[in-house]
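Contents: one structure, followed by commentary.
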Amino acid sequence: MSGAAKRIVTREEIQTIYHKPLLELVLEAANVHKQHHKFGEVQVSSLLSIKTGGCSEDCSYCPQAARYNTGVDVQALMKTEDVLAAAQNAKEGGASRFCMGAAWREVRDNRDFDRVLNMVKEVNAIGLQVCCTLGMLTEQQAQKLADAGLYAYNHNIDTSAENYGNIISTRTYDDRLNTINHVRKAGITVCSGGIIGMGESDEDRIGMLHTLVNLPVPPESVPINALVAVSGTPMETQKRVPFHELIRMIATARLVMPQSDVRLSAGRLELSIAEQALCFMAGANSIFAGDKLLTTPNPEFNEDKHMFEVLGLRPR
Ligand code: SAM
Ligand code: DTB
Ligand code: SF4
């Protein structure tokens, strides 16, 4: 960010943007996208679940919460050598960032955390930007991750402050914001966004963007996930979010956070190339690549390669 004073973006401004006629909104977002980014360049992150399932939280969208019967097997923290092999593979596939996810409520100061710190160092040495998403962090834990060379930390706010309690009861919105603050203080870049399609209102989507843009510094990356309704979770009967709502959300995120990378995240498997093209037009400039997100499927490597060729996209 430059030294210029940060402008507060009001809720009303975001409302006005969000409710514009769709194609007008997309056109404006495309123009802003072009001013701030290399149009057609897409940041590619590879995702690996290094510790799967058995989580104590009750996030009602999540297949990894122990309390829902989703068929996800609990797996202990992976061995470092297996993580490094996956990172090497991701690099060869063209990823610039490697993101390691753990189904933890929060990080504890134990041997598992020491192992993760070592993974961060080793993946860095391969020449990839390293990202982690491990749940809540203290200031000291964030600093340890920074010292190990962590580039980004993913910690989503998921929805608006008002709606948060309807989705998760085992932690608060402020808990989330505190961790983001610890990450920022440690000098790690922030990756934070949310999910649409959980039954939230337009105002909740607007509220979520309002929170993100008015953080002391807006997140460098903003993942927009379309809910993957997993059976066994309380969200299992949610209908797929209409595609036009996804574009509207992406375009609004692009306009209110012109400098950030906006990541078209979960839900991409259900989108055609034409639909994804419109998302890239509307300001998405980042994706998760690889045939699996954390526990659910994502487009195959070759399908994405084909899409990049057809649309003339270039990995960053
Ligand atoms: N346990 C850590 C945490 O909650 O921050 C890290 C992993 S958690 C699975 C990362 C994010 O994945 C969640 O914050 C949520 O936004 C997203 N996510 C989880 N399940 C999802 C689903 N079924 N559909 C879309 N996004 C999902
Ligand atoms: C994010 O915003 N989306 C990713 C990543 N950050 C960690 C996770 C999506 C998870 C989708 C459900 C699953 O695969 O378990
Ligand atoms: Fe646990 Fe994270 Fe899933 Fe919530 S989103 S249940 S904290 S793994």
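For the reader, a short list of remarks on this structure follows.
- Residue count, the range 220-245 (criterion: closer than 12 Å to GLY194 by Cα, touching a helix residue (DSSP H, G or I) at 6+ places or on another chain (Cβ under 8 Å) and away from ligand 1 (no atom under 11 Å from the Cβ)): 1
- Members of the range 149-160 that are in contact (Cβ under 8 Å) with a residue 40 or more places away in the chain, open to solvent by less than 50 Å² (accessible area, probe 1.4 Å) and away from ligand 3 (no atom under 16 Å from the Cβ): ALA152, SER160
- Once the range 246-293 is narrowed to residues that are open to solvent by 20 Å² or more (accessible area, probe 1.4 Å) and within 19 Å of LYS20 (Cβ to Cβ), the residue that is nearest to ligand 3 (Cβ to nearest atom) is ARG248.
Yes/no matrix, rows are residues, columns are (1) of a type in the set (S, T, N, Q); (2) more than 16 Å from ligand 3 (Cβ to nearest atom); (3) surrounded by fewer than 21 Cβ atoms within 10 Å (Cβ to Cβ):
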| position | (1), (2), (3) |
| --- | --- |
| THR179 | yes, no, no |
| ALA186 | no, yes, yes |
| CYS191 | no, no, no |
| THR233 | yes, no, no |
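- Whether a residue is in contact with a Cys (Cβ under 8 Å, 6 or more places away or on another chain) and either at pLDDT 95 or above or not in a loop (DSSP other than H, G, I, E, B) (or both) was assessed, and LEU246 passes this test.
- Per this entry, GLU28 is not counted among residues that are among the acidic types (Asp, Glu), within 22 Å of the chain's Cα centre (by Cα) and modelled with pLDDT of 95 or more.
- Within the range 177-187, if we keep just the residues that are within 15 Å of ligand 2 (Cβ to nearest atom) and among the aliphatic types (A, V, I, L, M), the residue that is nearest to ASP147 (Cα to Cα) turns out to be VAL183.
- The one condition in (1) assigned to a helix (DSSP H, G or I); (2) in contact (Cβ under 8 Å) with a residue 24 or more places away in the chain; (3) over 21 Å from LEU294 (Cβ atoms) that ASP174 fails to fulfil: (2)
- Figure legend. Inter-residue proximity from the range 93-110: first residues closer than 15 Å to CYS191 by Cα, second residues open to solvent by 50 Å² or more (accessible area, probe 1.4 Å) and within 16 Å of ligand 3 (Cβ to nearest atom), beta-carbon distance below 6 Å, spacing 6+ or different chains. Indicated pairs: GLY101/LEU294.
The values are calculated or read from the model by the stated rules, or taken from the named source; none is laboratory data. Remember, it's a predicted structure, so these values are computed and weren't measured experimentally. Note that each Cβ is placed from the backbone with ideal geometry, even for glycine, and that neighbours are counted across all protein chains shown. In case anyone asks, the SASA skips ligands and DNA or RNA and just uses the protein heavy atoms, side chains included. Shrake-Rupley method; radii C 1.70, N 1.55, O 1.52, S 1.80 Å.
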